[in-house]
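Enquirer: Below is a structure I'd like to ask you about.
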Amino acid sequence: MVAWIAFGRLNQHAKAEVMTLLAIPLEPLSATAKSKDFVNAAHWADDLRDFSEFDVFLPFHFVDTPFSDDGTDLPDVASNNILKALKSNVNILEEQLDPKETRARALRFIIHSRRLTYTSRLLAATRVR
């Protein structure tokens, strides 16, 4: 739903660029074949979980933010997390210096990340205390 709304908010030029990048086949092809449009690209990173060579991306799937109700000292947030990955992937798209395949991968991660970060904020805002 989040991806569908986001795609609807893009201007025509951005939609054309997105469709061009999503049409680029990426390895593994079986995962990419399921995500050729904006909405289905939202689950692309989840589809990679079946492939061990993509385990390196697992820390970029979330962010653990420590909290304490009693003022206990908290550990630092891990530096490899979804927020770092989102910033990096946005830079890849903005700079347009990388090969199209790299930009296509960055776009899929952004679509997926935005779905997760929006959902996380929504859940945090509605958390029962």
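Enquirer: What list of ³J(HN,Hα) values in whole Hz, one per residue of region 82-88 in order, does the Karplus curve 6.51 cos²θ - 1.76 cosθ + 1.60 (θ = phi - 60°) give from phi, with Gly and Pro shown as x?
Expert: Taking θ as phi minus 60°, the curve returns 4, 5, 5, 5, 4, 4, 4 Hz for region 82-88.
Enquirer: For the chain, set up a GNM with springs between Cα atoms under 10 Å and report which of SER35, SER88, SER68 has the largest fluctuation.
Expert: SER68
Enquirer: For the chain, what is the calculated [θ] at 222 nm in deg cm²/dmol (nearest 500), taking -39500 (n - 2.57) for each run of four or more DSSP H residues and dividing by its residue count?
Expert: Mean residue ellipticity at 222 nm (helix-derived): -16000 deg cm²/dmol.
Enquirer: Could you please rank GLU17, GLU101, placing first whichever residue has the fewest other Cβ atoms within 10 Å of its Cβ?
Expert: GLU101, GLU17
Enquirer: In a Gaussian network model over the chain where Cα atoms closer than 10 Å are linked, find which of ILE82, ILE92, ILE111 has the largest mean-square fluctuation.
Expert: Of ILE82, ILE92, ILE111, the Gaussian network model singles out ILE92 as fluctuating most.
Enquirer: May I pose another question? Where Rh is the Kirkwood radius over the Cα pairs of region 1-99, the temperature 4 °C and the viscosity 1.567 mPa s, what D in µm²/s does Stokes-Einstein return?
Expert: 82
Enquirer: I've got another one for you. Mind giving me the nanometre distance, one decimal, between the label points for GLU53 and ALA14, set 7 Å out from Cα along Cα→Cβ?
Expert: In this crude spin-label approximation the distance works out to 3.3 nm.
All of the numbers you see were taken from the coordinates with simple rules; none came from a lab. Given the structure is predicted, the values throughout are model-derived calculations rather than measurements. Neighbour counts run over all protein chains shown; Cβ positions are idealised from the backbone, glycine included.
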